[in-house]
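Right, one structure below, let's go through it.
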Amino acid sequence: MGAAHIDALRPVLERARSLGFLGPMSIDAQLAHAAGFVEVITREPCATIVDLGSGGGMPALAVAMDLPDTEMALVERGTRRAGFLGRAVETLGLENRVEVVHGEAQIVARHPRWAGWADVVTARSFGPPLVTAECGCRFLRPGGRMIVSEPPPERSDPGARWPLTELAPTGLVPEARDLLVAGTFQTLRLAGPIDERIPRRRY
């Protein structure tokens with residue numbers, strides 16, 4: 001991310017932190033982590049992105065600024081966080097291609113506006129792996145990717161976190177697991193049909 005973008009984004013993130021919407025990781029570390037998402041996203045063409053549980057705006061706002069040719073939907077169920085995100089989008093001049101969607105991800109995903117809309121779904125600290133998969137899969141077009149920030153490899157077993165049998169109703173199949181300086185990222189591909197019961201209404 002260029003210096004001008006960082007200078008514009010930093011006060012927005014500092015405001016998010018003051019409101020309790022960002023975790024304890026330093027802002028510089030959070031920007032580096034968002035750059036990891038961008039690295040994985042840009043390995044394939046991508047025009048549309050859904051970010052699950054956008055909260056204080058990371059990685060979504062950084063991704064949006066780094067990828068100016070993409071449209072994004074920031075899905076957030078919290079009223080205060082959604083309001084903050086809406087103001088942040090306007091402050092950063094992203095309103096022409098970034099929309100904040102206030103609602104439960106598993107409900108928004110079934111809306112005709114968003115079902116099958118995304119080339120990529122991103123998730124950071126959204127929920128347990130299978131809940132994240134269920135909430136995100138229906139946003140994806142066939143062949144689309146879900147990219148999830150993961151715990152460090154010494155603390156996670158991909159086979160246990162993303163069991164094929166339990167993932168089957170989502171249509172998602174685990175693919176690459178990238179161990180980057182900025183973090184660990186699991187990519188899943190929408191390779192099959194989604195069970196009509198998915199996503200479930202409540203978790």
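DSSP loop GluC sites (Glu not before Pro) in the stretch 24-106 with at most 16 other Cβ atoms within 10 Å of their Cβ, which ones?
Values: sites: GLU39, GLU71, GLU76, GLU90, GLU95, GLU99, GLU104; in loops: GLU95, GLU104.
Passing sites in the stretch 24-106 are GLU95, GLU104.
What whole-number value in Å² describes the accessible area per residue of the stretch 143-196 for a 1.4 Å probe?
Details: 2600 Å² over 54 residues.
It amounts to 48 Å² per residue over the stretch 143-196.
As a test of the formula, what do you get for the chain when each DSSP H run with n ≥ 4 contributes -39,500 (n - 2.57) and the sum is divided by the residue count, at 222 nm and rounded to the nearest 500 deg cm²/dmol? Mind dumping the intermediate values first?
Working: 8 runs with 72 residues, N = 203.
That comes out to -10000 deg cm²/dmol.
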>> Could you tell me the center-to-center distance, by alpha carbons, between the stretch 158-190 and the stretch 10-71 in angstrom?
In response: 20 Å
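Solvent-accessible area per residue for the stretch 1-107 at a 1.4 Å probe radius, Å²?
On a per-residue basis, 44 Å².
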> Looking at ASN96, THR70, ALA16, which one has the Cα that reaches farthest to the positive end of the dipole of the chain (charges on Cβ: Lys, Arg +1; Asp, Glu -1)?
Replying inline: ALA16
>> Mean-square fluctuation check for the chain, GNM, Cα pairs under 10 Å: which of LEU19, LEU188, LEU61 is largest?
In response: LEU19
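State the percentage of accessible surface on the stretch 67-203 attributable to carbon and sulfur atoms; use a 1.4 Å probe and exclude ligands, DNA and RNA.
On the way: 3480 of 6770 Å².
On the stretch 67-203, the fraction of accessible area on carbon and sulfur atoms equals 51 percent.
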> Residue-wise, which Karplus ³J(HN,Hα) couplings in Hz belong to the stretch 94-104, taking 6.51 cos²θ - 1.76 cosθ + 1.60, θ = phi - 60°, and x for glycine or proline?
Replying inline: 9, 5, 6, 9, 10, 10, 8, 10, 8, x, 6
>> Using protein chains only and a probe of 1.4 angstrom, how many square angstrom of SER18 are accessible, to the nearest 10?
In response: 80 Å²
>> Students often get this wrong, so try it: which of [x] 166; [y] 135; [z] 113 is volume of the Cα convex hull per residue in Å³ as calculated from the structure shown?
In response: [z]
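The values are calculated or read from the model by the stated rules, or taken from the named source; none is laboratory data. Values in this document were obtained by computation on a predicted structure and should not be read as measured data. Because the Cβ atoms are built from the backbone with ideal geometry, glycine has one as well, and the counts that use them run over all protein chains shown. We work out accessible area using only protein heavy atoms, side chains counted, and drop any ligands, DNA or RNA first. Shrake-Rupley method; radii C 1.70, N 1.55, O 1.52, S 1.80 Å.
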